[in-house]
Structures are given as structure tokens and as C-alpha cells.
Amino acid sequence: DEAPASAEGYLKRARVYEMTGNYGLACDDYRRANNFVPHDTGILYNLGRMCNMLAGGDKTTAGEKTKFYSEAITYLQEAIKAEFRNGKFYSEKVVSLIGLGLWDKALATSDTAIQMRDDAINYYYQGIIYQKINDDNTARRQLEKAVTKDKSLSAARLELARVLIRQGDINSALGQCSMVMQQEEKNVDAYLTRALAFEARLDYPSAIND
């Protein structure tokens, strides 16, 4: 189809690509929009998001992951430089830093994000980071805050369940899995996590059933 003649045209097409899961094409169009309007923080944020989505793809190689996450950081850092009080830029940068396994930087950035936006997703990210640095007690606290703030954040509930299993609190872990299943009947991760809980309780028939 014909190439758009303005940033707005590329942005509209990028959103359509994004809605249909074509993140590579969306990213290309956000880049083209960025050429029309350099330093636009909204476009830079979307470029960071798309790079993170591409990095997190199932078929992405290790080299591509590193490349995309690093690109995302470059775009998001430019957005932060222009608009340093915008909390969502920091939250998205945390995704990139977690993806690269830079736990200390991810923690520092997520601390900043929480100061600006005291919301569930930031506590969820901290729950992931604290697990990676072997601090399950703090991970549990942050994940509990995440699910208190947003009761429908399934990913945080299941992370919390896995922490609880490691801490031997199997009943609470099963409770978290059940809550996810009530919200999302076909959540595969919930069944796999519940199977881990049954296994930890030596209830192998239930684990196999899940």
C-alpha cells in the first residue's frame, strides 16, 4: 500500500500493525514517524514498547533479544531525558533491564518508577527482580502489594504462588492459583503452577491431573 506522507499516517498504521500482533512492522512505522518528529516522547515510548515486545517473542534468538532490549533502553532513555517525571517510561525500561538480566539497574529503575506511579505493575516487576537476587521474603511482600492493588493481575498472583511454594506455604499458593482460574479458566500457567504446589505437597495424582 502507499507510504504515508506524515508522522500521523505512520502512527495510525503502526497502531493497526500492533493490534494485529505485527510488532516488527509496527516498530518500523514508529521509526518512520520518529524520523518526521524526532524526540517526540510518545513515539519514543512506543518504540521502546515495541522493541520489548519483539525481544519477548517466542521465536526470538538470544542475540536478537539482547539487541531489541538494548534498543528499547536507548529509546526510553531519550524519552526520560526529555520528560523525566513520566513514570511509565521508567516502568517500560524496567522490562528491558529485566530482559537483559541487569538486576541492580532494574531494581534502581523500578524504585524510581514506584515513586512516580504507586501501581500494581511496578510491584510485580519488583517481585520478579527480588526473586532473581534470591530475596524471596521481599519478593513476596512486593507481589502481595501488586495483587492487593490489582486483583486481576494474574501474572503477579502466579509469581506469588511460586514464591509461596518455595516457602512451604502450599495452601496459600493453591489459593492464589484458584483465584487466577476463577478469572481465567483456561490459563495454562495457573494449572502448571498448581501442579507444582500439589507436587510440593506430595500429591502426585493431582499434580499429574493438572
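The values are calculated or read from the model by the stated rules, or taken from the named source; none is laboratory data. Just so we're clear, the structure is a prediction, and the values are computed from it rather than from any experiment. Reconstructed Cβ throughout: ideal geometry from the backbone, glycine too, with neighbour counts over all protein chains shown. The accessibility values were calculated without ligands, DNA or RNA, using every heavy atom of the protein model including side chains. Shrake-Rupley method; radii C 1.70, N 1.55, O 1.52, S 1.80 Å.
Once ligands and nucleic acids are excluded and a 1.4 Å probe is used, how much of Lys12 is accessible, expressed in Å² to the nearest 10?
In the full protein context, Lys12 sits at about 120 Å².
Quick one: what does P(r) look like for the chain with 5 Å bins over all Cα pairs, in whole %?
Here the calculated profile for the chain is 1, 8, 13, 15, 16, 16, 13, 8, 6, 3, 2, 1, 0.
Sort Asp118, Asp136, Asp58 by accessible area with a 1.4 Å probe, largest first.
Numbers: Asp118 85, Asp136 40, Asp58 155 Å².
Heavy-atom accessible area, descending, gives Asp58, Asp118, Asp136.
In terms of solvent-accessible area of protein heavy atoms at a 1.4 angstrom probe, what is the ranking of Tyr130, Tyr30, Tyr23, highest value first?
Numbers: Tyr130 40, Tyr30 5, Tyr23 70 Å².
The residues order as Tyr23, Tyr130, Tyr30, largest area first.
What does the charge dipole of the range 132-210 about its Cα centre add up to, to the nearest 20 debye, if the Cβ of each Lys and Arg holds +1 and the Cβ of each Asp and Glu holds -1? Write out the running numbers ahead of the final one.
On the way: 12 positive and 12 negative charges, 52 e Å.
With only Lys, Arg, Asp and Glu charged at Cβ, the dipole is about 240 debye.
Which angle from 0 to 90°, rounded to the nearest 10, does the C-alpha axis of helix 23-36 make with the longest principal axis of the chain?
The helix 23-36 is inclined about 40 degrees to the chain.
Relative to the longest principal axis of the chain, what angle (0 to 90°, nearest 10) does the C-alpha long axis of helix 87-99 take?
The helix 87-99 is inclined about 70 degrees to the chain.
Counting only protein chains, not ligands or nucleic acids, how are Phe198, Phe84 ordered by accessible area (probe 1.4 Å), most first?
Details: Phe198 30, Phe84 115 Å².
Output order, biggest surface exposure first: Phe84, Phe198.
With a 1.4 Å probe and every protein chain left in place, work out the accessible area per residue of the range 1-160 in Å², rounded to a whole number. Please report the intermediate quantities before stating the final value.
Numbers: 8160 Å² over 160 residues.
Accessible area per residue, the range 1-160: 51 Å².
Tilt of helix 188-200 relative to the longest C-alpha principal axis of the chain, in degrees (0 to 90, nearest 10)?
Taking Cα atoms only, the helix is inclined about 30 degrees.
Please report the accessible area of Met53 (heavy atoms, 1.4 Å probe, ligands and nucleic acids excluded) in Å², nearest 10.
For Met53, solvent-accessible area is about 90 Å².
Mind running the shape call on the range 81-180? Use the C-alpha gyration tensor, a ≥ b ≥ c as the square roots of the eigenvalues: rounded below 1.5 for a/c, prolate if a/b tops b/c, oblate otherwise.
Here the range 81-180 falls in the prolate category.
For the range 120-135, just list the computed ³J(HN,Hα) in residue order, Karplus coefficients 6.51, -1.76 and 1.60, θ = phi - 60°, integers in Hz, with x standing in for Gly and Pro.
4, 4, 5, 5, 4, 4, 5, x, 5, 4, 5, 5, 5, 9, 6, 10
What value, in deg cm²/dmol to 500, does the helix sum -39500 (n - 2.57) over DSSP H runs of n ≥ 4 give at 222 nm once divided by the residues of the chain?
Numbers: 12 runs with 163 residues, N = 210.
Calculated from helices alone, the mean residue ellipticity at 222 nm is -25000 deg cm²/dmol.
Evaluate the charge dipole of the chain about its Cα centre and quote only its size in Debye, nearest 20, assuming +1 on the Cβ of each Lys and Arg and -1 on the Cβ of each Asp and Glu. Spell out each step's value before the answer.
Values: 27 positive and 29 negative charges, 59 e Å.
Using only the charged Cβ atoms, the result is roughly 280 debye.
Just how much of Leu107 is accessible, in Å², when a 1.4 Å probe is used and the result is rounded to the nearest 10?
Around 30 Å² of this residue is reachable by solvent.
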